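The values are calculated or read from the model by the stated rules, or taken from the named source; none is laboratory data. What you see is a predicted model; the values in this text were computed from it and never measured. Positions of Cβ are generated from backbone atoms using ideal geometry, with glycine treated the same way; all protein chains shown enter the neighbour counts. Accessible surface areas use protein heavy atoms only, side chains included; no ligands, DNA or RNA. Shrake-Rupley method; radii C 1.70, N 1.55, O 1.52, S 1.80 Å.
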Amino acid sequence: MASLKDVKIKIGGVKKTKQITKAMNMVASAKLRGAQQRIERFRPYADKFFDMLGDLGGQSEDAAHPLLAARDEVKTTGIVLATSDRGLAGSFNVNIITAALKFAQSKKAEGKDVKFYCVGKKGRDAVRKLGYEIPTALVGQMNALDFGMAASVGNRVMEDFLGGSLDEVFMFYGEFISLAKQPPVSLPLLPIASAGKEEGDVPAKAKDYIYEPAVDGLLAELLPRFVKVQVYRGLLDTSASEHAARMAAMDNATRNCDEMVGALTLLYNKTRQAAITTELIDIVGGVEALKG
Amino acid sequence: MASLQLDIVTPDQLVLSRAVDYVGAPGLEGEFGVLPGHIPFISALAIGALHYKAEGKTRYVFVSGGFAEVSDDKVTILAESAETAENIDFARAEKARKRAEERLAQKNEAVNNIRAESSLRRALVRLNLQGKN
């Protein structure tokens, strides 16, 4: 049986852990607010961008752009894997990585090569362990996430796609739905699946724009940016999701600490009482013996 | 007098939103000017300096390419990055210029010339705007 002192030390330890998890919870909630603000700031750009793309998509019938062209034979699949740099976020990273790896394995089973473009340390570590090829990895930069980062990932993937070393590209990231829900999502990045066509279903606006350069030229400018916008959106979501997941995980941990302190205190009291009882029996026994 | 609403948005923030009298922007096929009453117009932008007139003053904004949409006396600029002249980090631009020039001077196959050239152009445009506002 644990001694009184052992139990006391353990209670102290659990209380300290609780302080840490509580602090991490608060830090995560502050960071989540920052991440959500960034999503908010991105929205005007994204909205306008999709408006424009929708306008143009409706105008151009069959814009032949290399980024739109699906390859007849897919030999190499690229996966952009967005995860967090740090752990202690519950199953958040594991979920994304598992989804991506499952996908990679199914592609492998079809005889395709799989390459990973990693953003975030956790994803890179997991993928590296399994020996997949990793052309680029951005590690330790999730904290300073900006559009430039998304642009560099996007550019790299597009270069490889246009250069022929990739035939299709998917992105895996944690979609931010709510504080309690951040499911892993896979998004086909390249070739661009009839970009803006869904928006094109909306009846074309009455406005007759003058385009400069002509529609196809503009699309050639818009499409690469579309890829970057998609990547950026994925990264922003991942960052928000990470903090939300960490908040939930730390909240749980704090609650578990409380429970554990309760259980340990009970044990402490029981042990103490047991000790007192034993002592009393000793004394009473001694007195009885003397009487004899 | 009728005026234009100028909005400059980047993925990271809303750079500028105000009423102006005139906007001159670096289109991909040449500079163009927008006055109130302009017909609806969409253009791709080159790396360059955008300027606008408001309250009798001309002000400059750096844009690193993107798009401009003109409709209903509203000018919306979508740029990957944009900075008003007073917010440009000139020290950084100077460093970027040196780095780009070095890269171009190396004439190395491994160096992506197109990328170095456009980063040189960005740096030069930024430096040109020094003290303009």
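If a spin label sat at a point 7 angstrom from the Cα of A:Lys75 along the line to its beta carbon, the backbone N atoms of segment A:167-184 nearer than 11 Å would be those of A:167. Using the heavy atoms of the protein chains and a 1.4 angstrom probe, tell me the accessible area per residue for segment B:10-65 in square angstrom. Here the per-residue accessible area is 39 Å².
Within segment B:59-90, which residues have the backbone N less than 11 Å from the label spot 7 Å out from B:Asn128 along Cα→beta-carbon, could you tell me? Answer for this model: B:63. Placing a pseudo-label 7 Å from each Cα along the Cα-to-Cβ vector at B:Glu55 and A:Thr277 gives an inter-label distance of 8.4 nm. Under 24 Å of direct C-alpha separation, and excluding same-chain neighbours fewer than eight residues apart, A:Lys8 reaches these lysines: A:Lys16, A:Lys18, A:Lys22, A:Lys270. 3J(HN,Hα) along segment B:88-102: 6, 8, 6, 4, 5, 5, 4, 4, 4, 4, 4, 4, 5, 5, 4 Hz, from the Karplus curve 6.51 cos²θ - 1.76 cosθ + 1.60 with θ = phi - 60°, whole Hz, x for Gly and Pro.
Have a look at the DSSP beta bridges in the protein assembly as shown and tell me what percent are antiparallel, nearest 5.
65 percent
Projecting the Cα positions of A:Thr271, A:Gln19, A:Leu162 onto the charge dipole of chain A (unit charges on Cβ atoms of Lys, Arg, Asp and Glu, taken about the Cα centre) puts A:Thr271 furthest along the positive direction.
What shape does the protein assembly as shown have by the C-alpha gyration tensor, where a ≥ b ≥ c are the square roots of the eigenvalues, rounded means a/c under 1.5, and otherwise prolate means a/b greater than b/c and oblate the rest? Judged from the Cα gyration tensor, the protein assembly as shown comes out prolate (a/c at least 1.5, a/b above b/c). Site-free segments of chain B were taken between trypsin sites (Lys or Arg not before Pro) in DSSP loops having at most 16 other Cβ atoms within 10 Å, sites themselves excluded; the longest one is B:1-106. Comparing mean-square fluctuations of A:Thr238, A:Thr254, A:Thr17 from a GNM of chain A with C-alpha springs under 10 Å, the top value falls on A:Thr17. Computed extension gain for A:Ile210 through A:Ser3, at 0.36 nm per residue and net of the alpha carbon distance, reaches 66.1 nm.
The GluC sites (Glu not before Pro) found in segment B:24-133 that occupy coil by DSSP, while having at most 15 further C-beta atoms within 10 Å, are B:Glu29, B:Glu55, B:Glu109. With point charges of +1 on the Cβ of Lys and Arg and -1 on the Cβ of Asp and Glu, referenced to the Cα centre of the protein assembly as shown, which listed residue (A:Ala109, A:His65, A:Ile192) lies farthest in the positive direction of the dipole? Positive-end residue among those listed: A:Ala109.
When +1 charges are put on Lys and Arg Cβ atoms and -1 charges on Asp and Glu Cβ atoms, the dipole computed for chain B relative to its Cα centre reaches about 580 debye. When the Cα positions of B:Ala85, B:Gln106, B:Ser64 are compared along the charge dipole of segment B:48-115, B:Gln106 comes out farthest toward the positive end, with charges on each C-beta of Lys, Arg, Asp and Glu. Taking θ as phi - 60° and the Karplus parameters 6.51, -1.76 and 1.60, the scalar couplings of segment B:27-32 work out to x, 5, 10, x, 5, 9 Hz in sequence order, x denoting glycine and proline. Classify segment B:4-86: rounded, prolate or oblate, from the alpha-carbon gyration tensor (a ≥ b ≥ c, eigenvalue square roots; a/c under 1.5 rounded; otherwise prolate if a/b is larger than b/c)? Since a/c stays below 1.5, the shape of segment B:4-86 is classed as rounded.
Picking from B:Pro11, B:Pro36, B:Pro26, which is most flexible by a Gaussian network model of chain B using Cα springs under 10 Å? For chain B, modelled as a Gaussian network with Cα springs under 10 Å, the answer is B:Pro11. Applied to segment A:83-97, the Karplus parametrisation 6.51 cos²θ - 1.76 cosθ + 1.60 on θ = phi - 60° returns per-residue 3J(HN,Hα) values of 9, 8, 8, 10, x, 6, 10, x, 8, 4, 5, 4, 4, 5, 5 Hz, with x for Gly and Pro. Approximating the spin labels as points 7 Å out from Cα along Cα→Cβ, the A:Ala193-to-B:Leu104 distance works out to 4.2 nm. Choose one answer from A:Leu81, A:Leu219, A:Leu162: the residue with the largest mean-square fluctuation in a GNM of chain A with alpha-carbon springs under 10 Å. Sorting by GNM fluctuation, first place goes to A:Leu162. Helix A:4-59 axis versus longest C-alpha principal axis of chain A: approximately 10°, rounded to the nearest ten. Rounded to 0.05, the FRET efficiency of the A:Ala180 and B:Lys74 pair, given R0 = 51 Å and the Cβ-Cβ distance, is 0.85.
Straight-line reach from A:Lys122: taking Cα to Cα under 18 Å and skipping same-chain neighbours fewer than 8 places apart, the lysines in range are A:Lys102.
Angle of helix A:147-163 to the longest C-alpha principal axis of chain A, folded into 0 to 90 degrees and rounded to 10: 60°.
Kindly identify segment A:23-249 as rounded, prolate or oblate by the Cα gyration tensor criterion: order the square roots of the eigenvalues as a ≥ b ≥ c, call it rounded if a/c is under 1.5, otherwise compare a/b with b/c, prolate if a/b is larger, else oblate. Taking the square roots of the gyration eigenvalues as a ≥ b ≥ c, segment A:23-249 is oblate.
Evaluate peptide A:145-153: per residue, the Cβ atoms of other protein chains within 10 Å of its Cβ; return the mean as an integer.
For this peptide, the per-residue mean of nearby foreign Cβ atoms is 2.
Restricting the GluC sites (Glu not before Pro) of segment A:73-158 to loop positions (DSSP other than H, G, I, E, B) with no more than 13 neighbouring Cβ atoms within 10 Å leaves A:Glu73, A:Glu110. Close amide H contacts of A:Leu138 (hydrogens built in the peptide plane, cut-off under 5 Å, sequence separation of 5 or more or a different chain): A:Cys118, A:Val119, A:Gly120.
Rounded to the nearest 10 degrees, the inclination of helix B:113-128 to the longest alpha-carbon principal axis of chain B is 60 degrees.
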